[in-house]
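Worksheet: the structure to be examined is printed underneath.
Bear in mind that the values in this text are calculations on the coordinates, not laboratory data. This structure is a prediction, so every number in the text was calculated from the model and none was measured. Note that each Cβ is placed from the backbone with ideal geometry, even for glycine, and that neighbours are counted across all protein chains shown.
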Amino acid sequence: MKYIFVTGGVISSLGKGLTAAALGTLLEHRGLKVVIQKFDPYLNVDPGTMNPYQHGEVYVLDDGAETDLDLGHYERFTHCRLSRKNNLTSGQIYETIIAQERRGDYLGKTVQVVPHVTNEIKKRIRAVADDVGKGVLITEIGGTTGDIEGLPFLEAIRQFSLEVGHDNVFFMHVTLVPYISVAGELKTKPTQQSVAKLREIGIMPHALICRTEQPLSREVRQKISMFCNVPIEAVIEEMDVAHSIYEVPLMLQKEKLDDIVCRHLRLHQRPLKMNAWHGFVKRVIKPKYKTTIAVVGKYMDLQDAYKSIYESLTHAGAHHDCAVEVVNVDAEHIERDGAANKLKNVDGILVPGGFGDRGTEGKIAAAAYARKSKKPYLGLCLGMQIAVIDFARHVAKLSKANSTEFNVYTPHPVISLLEEQKTIQHKGASMRLGAWPCRIIKGTRTAELYRQTMISERHRHRYEFNNLYRRQFEDLGMIFSGGSPRGDLIEIVELRNHPWFIGCQFHPEFQSKPNRPHPLFRGFIGATLNARRKR
Ligand code: GLN
């Protein structure tokens, strides 16, 4: 087993996760088995209770773990299937250690950051490595070197490299080389200082990934190499990508990062051709067609809130050789200005997941507009519930219909709390989470798209469709095209008299991949292209 640790310097948001994932892509193209894990130094047990403004999207795994969005990059860029073991937070470590202390596991001892916290961290690296057996484990340490809360993690990986042998460990530091336009110069000092911080802890990086807006000249590389004590060929340039994040592996390959890593770790596999990846990137960058999708949500100024959705749209777009232009529409602006005003010029409407009632009336208006104007509609989780509320109010004429999430006293609770949720008090990790099987009903559009009867999709919700309304809605033209195998939970709805209108209770966006777009996204984008041609 070989280990790569990815740390970050100078500032956050350098795309460390993306860089780790891209390296994963390159190593897989050498025929290596790759697994990626992330350590997050914050004290929340998981990001599930954090607001998207704090944290961006919460990415859900098959086993129901609510994790950092970087795990989404890991799954999209490699073939690894992740579990809750792959995202460790300080909160989890302290939770474990304190439970052990109360149980009496440390009787007589003082419980300390070194060795108890660091041991727990190392245990977690080993746990994931043991599952893989043979291959490469990439571990990304969240945060920035110099953060107080990150110190135990850095100390742990330092100890770990000693234990498994320095030749089996590669330290990669992602750093910023800012361009100061008034001076017309790239500045290396912040990088020097963050590497000095790492060295202080006892970690000598083997490669520096320099995030930069301008190409690194030979002189700049030399300077970084000398001051940071890293061979010049291991000073890697990672420019801001012009078009697509899927170019990052290709960029790092040009800089020979995979060669450097493999040489150090004594991995002799030759690189394989990346034709499929190149093909995908080409279709993303230079597509023939174009379509525009309105994403109607409430975190519109935050790129990270709907990360997996945007990526899924890109994957589906590439499949159809078309650029997907996303128009971010704030649901509250629809409430203010009307749906037609905001949506008449788009080819498709997507309502993503969400919590709380701010903006819901705007989303309902968007679903109603899609239904009436016959524009393709894709509703994800809350987006499905919204479509059901619109249908109840405007087709079934239950004008006060609502979800009990937004109004507990509604006379028509068409969306209501899952039975198992009624007694739950704790907010953390208590939703219906993770992969659940779903049976697709033959003869539906959904069946056409999936081409299989049993599917598995990831969930994150507390509310569901209320079966009391099923008959009535079916008679009025709603099709229930997917549900739990026992038939008690509705998972997918369609509309009969509409070219393409689907809502699903799960999150298909967590399973879409570059050359394997999710069937629902693929179908949706295809439908918007048809709509556009007609327009
Ligand atoms: N708030 C809704 C629920 O809990 C939808 C959740 C979501 O969109 N992820 O059921």
Quick one: net charge of Glu255's neighbours, Cβ under 13 Å, K/R +1, D/E -1? -2
What does the C-alpha gyration tensor say about the overall shape of region 312-363? Classify as rounded when a/c is under 1.5, otherwise prolate if a/b is larger than b/c, or oblate. oblate
Computed label-point distance, nm, for sites Lys427 and Ser217 using a 7 Å Cα→Cβ extension: 5.3 nm
Tell me the trypsin sites (Lys or Arg not before Pro) within region 24-120 that lie in a loop according to DSSP and have at most 15 other beta-carbon atoms within 10 Å. Arg81, Lys109
Through the Karplus equation 6.51 cos²θ - 1.76 cosθ + 1.60, θ set to phi - 60°, convert the phi angles of region 126-138 into ³J(HN,Hα) values in whole Hz; use x for Gly and Pro. 5, 4, 6, 4, 4, 5, 6, x, 9, x, 10, 10, 9
Quick one: of Lys197/Lys307; Lys290/Lys513; Lys290/Lys342, which pairs are farther than 26 Å apart, Cα to Cα? Lys197/Lys307
Please label the shape of region 28-97 as rounded, prolate or oblate, based on the square roots a ≥ b ≥ c of the eigenvalues of the alpha-carbon gyration tensor (a/c under 1.5 means rounded; beyond that, a/b larger than b/c means prolate, else oblate). prolate
If you consider only alpha-carbon coordinates, what radius of gyration and Dmax does region 46-141 have, in Å? 15.3, 47
Jot down the radius of gyration and Dmax of the chain, Cα atoms only, both in angstrom. 24.7, 77
Would you grab the residues whose amide H sits under 5 Å from the one on Ile4? Only those 5+ places off in sequence or on another chain, please, with H modelled 1.01 Å from N. Leu137, Ile138, Thr139, Phe170
Output the peptides 425-434, 394-403, 292-301 sorted from most to least packed, where packing is the average of other Cβ atoms within 10 Å over each peptide's residues. 292-301, 394-403, 425-434
With θ taken as phi - 60° and the coefficients 6.51, -1.76 and 1.60, list the Karplus ³J(HN,Hα) couplings across region 156-166 in order, rounded to whole Hz; mark glycine and proline as x. 5, 6, 4, 4, 4, 5, 5, 5, 9, x, 4
Test of understanding: express the Cα radius of gyration of region 98-204 as a ratio to 2.2 N^0.38 Å, with N the residue count. 1.37
Diagonalise the Cα gyration tensor of region 71-127 and give the resulting equivalent ellipsoid semi-axes, square root of 5 times each eigenvalue, largest first, whole Å. 30, 10, 9
The answer for Thr89, listing residues at least 5 apart or on another chain whose modeled amide H is closer than 5 Å to its amide H, is Asp40
Roughly how many Å is it from the Cα centre of region 304-325 to that of region 217-247, as a whole number? 29 Å
Amide H to amide H under 5 Å from Val414: which residues, 5+ apart in sequence or cross-chain, H placed 1.01 Å off N in plane? Asn402
If every alpha-carbon in region 207-297 counts as one equal scatterer, what log10 I(q)/I(0) does Debye give at q = 0.10 1/Å? -0.38
Filtered hits (aspartates and glutamates, Cα-Cα < 17 Å from Lys273, offset >= 8 within chain) -> Glu28, Glu247, Glu255, Asp258, Asp259
Please list 3J(HN,Hα) in residue order for region 40-54, calculated via the Karplus relation 6.51 cos²θ - 1.76 cosθ + 1.60 where θ = phi - 60°; whole Hz, with x for glycine and proline. 10, x, 6, 8, 5, 5, 8, x, x, 9, 8, 6, x, 5, 7
Apply the a/c threshold of 1.5 to the C-alpha gyration tensor of region 403-493 and tell me whether it is rounded, prolate or oblate. oblate
